[in-house]
Amino acid sequence: MTRPSGQEGALLASLEKAGYAAYHQPLLELQGSERLPEGQRQHVIDLDLYQHVIFISGNAVRYGMAEIEHYWPQLPVGITWYGVGSSTARLLEQHGLQPVSPASEMTSEGLLSLPQLQSVGDQRVLIVKGEGGRSTLQQALRGRGAHVDRLECYRRCRPRLESGQLAARLAAWRIDVVLISSGEGLENFVALLSTEETTNFRDMCLVVPSARVAQLADAAGFASVVTAANASDTAMLQALEEWNTPPENKK
């Protein structure tokens, strides 16, 4: 599995409980901002002016709420809070919030399908996220007439691995399947393998969290790609179990 360090524990335990020999190799490193730029700080200071605040990942909650609660020990009322999925929503609940989240499609598209975000003309929306990444959510909400700002409170970096180190670990661990948690994680996975190494591992199965990431995996040349319902522990483990079930035992 490939989640950032410190976020692998629950899924790793579930994999081992299910009988898998599981290994952890992070494909993303996270770095919080030492000090937000002035414009970003102003978004936090103006928090009470927003009608909607959207967290696009658990990491956005971890880093974003630390910034928000620094300025707002008592959170403002009248805001609808959102988490991209159930785990993100649970983290927000730990801060005393009652967030809205998609039922199963834990993506920007899932958020955009929520009824609370359909009629947002002239309303202010704050998207809490890391630096860079997709702009689908922002563009779509602006297309609906919303005034959208971004609070970019952390950055994602590619792990520092020596040339050939990732391939050596995959070979030494005799990996059959890799659980990829995001499109950026997949991009780093491919970047950390040479073309020859990628070819050598082309028959290895990848379990990915969405159809979009599955398309990226297909384009990268991986022959066996299983798409989970979403990026949650339950969905990723279920997809792995389906891959591991012999055809004659499948319904």
Review point. For region 172-228, which residues satisfy the criterion of being assigned to a loop (DSSP other than H, G, I, E, B), surrounded by 20 or more Cβ atoms within 10 Å (Cβ to Cβ) and touching a residue at least 40 places away in the same chain (Cβ under 8 Å)?
Key: Ile180, Ser181, Ser182, Leu192, Pro209, Ser210
Study note, to complete from the structure: Apart from one, (1) modelled with pLDDT of 95 or more; (2) closer than 24 Å to Thr136 by Cβ all hold for Trp72; the odd one out is (2)
Practice item. Return yes or no: is Ala168 outside the structural domain of Tyr82 (by TED's automatic domain parsing), assigned to a helix (DSSP H, G or I), over 20 Å from Ala217 (Cβ atoms) and over 15 Å from the mean Cα position of the chain (by Cα)? Key: yes
Review point. Which residue out of Leu97, Leu137 is in a helix (DSSP H, G or I), within 26 Å of Pro37 (Cβ to Cβ) and hydrophobic (A, V, I, L, M, F, W, C)?
Key: Leu137
Check your understanding: Listed residues Ser119, Ser87, Ser104; which is surrounded by 17 or more Cβ atoms within 10 Å (Cβ to Cβ) and of a type outside the set (Asp, Glu)?
Key -> Ser87
Review point. Does Gln116 satisfy the criteria of being under 12 Å from Val53 (Cα atoms) and not aromatic (Phe, Trp, Tyr)?
Key: yes
Practice item. From the list Glu109, Glu105, Glu34, pick out the single residue that is under 20 Å from Arg144 (Cβ atoms), of a type in the set (D, E, K, R) and assigned to a loop (DSSP other than H, G, I, E, B). Key: Glu105
Exercise for review: Only one of these is without any contact (Cβ under 8 Å) to a residue 12 or more places away in the chain and closer than 28 Å to Gly121 by Cβ: Gln94, Gln42, Gln51. Name it.
Suggested key: Gln42
Practice item. Could you grab me the full set of residues in region 1-38 that are exposed (fewer than 12 other Cβ atoms within 10 Å of the Cβ) and either β-branched (Val, Ile, Thr) or farther than 28 Å from Lys129 by Cα (or both)? Key: Glu16, Lys17, Gly19, Ala21
Practice item. Kindly list, by first and then second residue, each pair from a residue in region 64-82 that is under 25 Å from Glu109 (Cα atoms) to a residue that is modelled with pLDDT under 95 and assigned to a helix (DSSP H, G or I), limited to pairs with Cβ atoms under 7 Å and residues at least 6 apart or on different chains. Key: Tyr82/Leu111
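The values are calculated or read from the model by the stated rules, or taken from the named source; none is laboratory data. These numbers come from a predicted model, not from an experiment. All Cβ positions, even for glycine, are placed from backbone atoms using ideal geometry, and neighbour counts span all protein chains on display.
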